[in-house]
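Enquirer: Mind having a look at this structure? Questions to follow.
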Amino acid sequence: MVVPSIIAYLLLALFPTAVWMVFFLKEDTKREPARLIIKTFFFGALSSIPVLGLQIFAERLFDGYISSFFITAVILALFEEFFKFYLTYLAVHKDPDFDEPIDPMIYMVVAGLGFATIENMFVIASVMFHHDYIFTLTAVGSAVVLRFIGATLLHTLASAVVGYFWARGMLFNKRKEFIVFGLVIATVIHAIFNTLVFQFQEINFLIPTLFLVAVSFFVFRDFENLK
């Protein structure tokens with residue numbers, strides 16, 4: 001039973017990622033090389049390591065001075081958006097296939113999904129191996145659905161926003177200014193979502209989801225602008 005459980009666990013963790021990956025890659029009219037997609041996904045997953053370390057450090061540093069909610073909603077959101085961008089930059093910026101205006105958005109989305117996959121693995125693992133079988137099935141199903149329409153989509157959209165401003169910075173030869181602005185906007189989006197989840201998760205998860213739907217309209221407009 002151990003091996004089937006592990007396989008099921010991995011498939012469930014990858015399901016939200018795979019769906020959004022296929023969906024967003026269709027925005028690129030030129031097929032990106034699989035090697036660079038895989039590399040960027042892996043680098044996006046790696047970005048979770050420094051974020052985790054900084055989260056632990058921030059909680060200890062600000063313990064008693066800043067609420068844990070503020071650390072999670074704002075400070076951690078900034079860490080996540082920065083490291084997703086930085087690892088993506090390291091992965092692709094010198095690659096010859098990184099050659100179109102839309103590429104920064106595409107690869108930032110891939111990195112965001114890599115990061116979200118690691119989060120999915122931890123969340124699903126926390127509920128999958130519960131002693132109550134019926135409870136486990138229900139909890140895992142709920143976790144997968146919520147990750148699909150919630151945090152996984154959030155990471156995808158926030159990363160896409162950074163990618164859009166990165167692309168604009170390349171077009172206007174003002175990379176630093178545009179990237180910093182993109183990181184600020186992505187952090188605000190991330191922090192608002194975290195706040196909505198904190199405020200309404202016990203009542204209605206529809207509100208944070210509707211917020212992401214609204215953000216997605218702007219993201220798809222950005223894709224069209226770069227095309």
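The values are calculated or read from the model by the stated rules, or taken from the named source; none is laboratory data. From a predicted model like this one, the values you see are computed outputs, not experimental measurements. Virtual Cβ from ideal backbone geometry, glycine too; neighbours counted across all protein chains shown.
Enquirer: Looking at 36, 54 in this structure, which one is surrounded by 11 or more Cβ atoms within 10 Å (Cβ to Cβ), in a helix (DSSP H, G or I), out of contact with any Ser or Thr (no Cβ under 9 Å at 6 or more places or on another chain) and at pLDDT below 90?
Expert: Numbers: 36 fails: at pLDDT below 90.
Matching residue, one of 36, 54: 54.
Conditions tested, residue by residue: (1) buried (at least 18 other Cβ atoms within 10 Å of the Cβ); (2) modelled with pLDDT under 90; (3) closer than 25 Å to residue 21 by Cβ.
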residue: 156; (1), (2), (3): yes, no, yes
residue: 166; (1), (2), (3): yes, no, yes
residue: 170; (1), (2), (3): no, no, yes
residue: 204; (1), (2), (3): no, yes, no
residue: 208; (1), (2), (3): yes, yes, yes
residue: 212; (1), (2), (3): yes, no, yes
residue: 218; (1), (2), (3): no, no, yes
residue: 221; (1), (2), (3): no, no, yes
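Enquirer: So, one more: Quick one: which residue in 119, 100 is touching a Lys or Arg at 6+ places or on another chain (Cβ under 9 Å), at pLDDT below 95 and not in a helix (DSSP H, G or I)?
Expert: Details: 119 fails: not in a helix (DSSP H, G or I).
Of the residues listed, the single one that is touching a Lys or Arg at 6+ places or on another chain (Cβ under 9 Å), at pLDDT below 95 and not in a helix (DSSP H, G or I) is 100.
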